[in-house]
Amino acid sequence: MDLQSLLNKWKIKADINVLLGMWNESHRSWHTLDHLNDLISQINENKSLYSQKEYEKLLIASLFHDCVYEPMSQDNEEKSADFFVECCADKNSDILEIKQIILDTKTHKSETKLSEAFNNYDMNIVERDFNQLLQWESGIHAEYKQVGTEKYKEGRLKFLESLLDKYVDNTD
């Protein structure tokens with residue numbers, strides 16, 4: 001599906017090239033077009049699991065969920081969600097659901113089944129092979145290098161521990 005056509009169909013006033021440019025900012029090492037493309041690929045691979053509307057909501061959420069990203073900011077998800085809503089001509093329940101999906105990526109606690117699916121796609125990296133995990137960690141570390149090694153390790157361990165119950169199979 002052509003992404004600009006999708007935005008137009010949903011009356012989202014955003015130029016896809018500007019939006020993709022946000023994902024290509026120089027301070028990004030993980031939250032890049034590669035991450036976005038991976039997310040869209042996962043959604044496309046699982047398209048048959050969703051209605052057309054749900055599928056489109058997932059694609060739109062992927063485009064906007066990390067479009068505003070400053071590593072030192074604590075409100076990237078809120079800013080991304082607000083930017084999304086500002087681009088929308090309508091503020092209907094579908095738009096509000098997409099906004100909530102974006103907001104749910106902050107804590108990875110899902111308000112809906114669709115949000116849960118999106119969070120699983122967004123965090124699918126934790127189920128990948130070791131080399132991909134190292135790329136993820138390297139990219140995140142590069143984005144947070146200005147906080148210093150000790151503070152980074154402390155924050156990163158806290159974040160990774162928060163994922164254990166959500167994404168890691170502990171049955172072994």
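The values are calculated or read from the model by the stated rules, or taken from the named source; none is laboratory data. Note that the structure is a prediction, hence the values are computed from the model and not measured. FYI the Cβ positions are ideal-geometry reconstructions off the backbone, even for glycines, and counts take in every protein chain you see. Surface areas here come from the heavy atoms of the whole protein model, side chains and all, with no ligands, DNA or RNA. Shrake-Rupley method; radii C 1.70, N 1.55, O 1.52, S 1.80 Å.
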Row for the stretch 62-109, column shape: gyration tensor on C-alpha, a ≥ b ≥ c, rounded if a/c < 1.5 i.e. under 1.5, prolate if a/b over b/c, else oblate; value oblate
Per the helix-only model, the chain has a calculated mean residue ellipticity at 222 nm (DSSP H runs of ≥4, -39500 (n - 2.57) each, divided over all residues, rounded to the nearest 500) of -19500 deg cm²/dmol
Filtered hits (lysines, Cα-Cα < 20 Å from K99, offset >= 8 within chain) -> K9, K11, K13, K53, K57, K79, K91, K109, K113
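If you keep only loop residues by DSSP, which trypsin sites (Lys or Arg not before Pro) in the stretch 43-135 have at most 11 other Cβ atoms within 10 Å of their Cβ?
K91
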For C88, other-chain or 5+-apart residues with amide H closer than 5 Å (H placed, Pro excluded) are K13
Excluding ligands, DNA and RNA, the carbon-plus-sulfur percentage of the accessible area of the stretch 79-172 with a 1.4 Å probe reads 50 percent
Everything considered on the Cα gyration tensor (a ≥ b ≥ c; rounded for a/c under 1.5, else prolate if a/b is larger than b/c, else oblate), the stretch 29-132 must be described as oblate
Percent relative contact order for the stretch 28-109, counting Cα pairs under 8 Å at least six residues apart, stands at 27 percent
Cross-link reach from K158 to aspartates and glutamates, straight Cα distance under 16 Å and at least 8 residues apart if same chain, gives E137, E150
With label points set 7 Å from each Cα along the Cα-to-Cβ direction at E154 and S48, the distance between them in nm comes to 5.0 nm
Karplus-derived 3J(HN,Hα) from phi for the stretch 34-41 (6.51 cos²θ - 1.76 cosθ + 1.60, θ = phi - 60°), whole Hz, x at Gly and Pro, runs 4, 5, 4, 4, 5, 4, 5, 4
Inter-part gap, Cα centre of the stretch 1-67 to Cα centre of the stretch 93-172, in whole angstrom, is 18 Å
Over the chain, with neighbouring protein chains present, the accessible area per residue in Å² at probe 1.4 Å is 56 Å²
Quick calc: nm separation of the 7 Å Cα→Cβ label points for K109 and L163 -> 1.9 nm
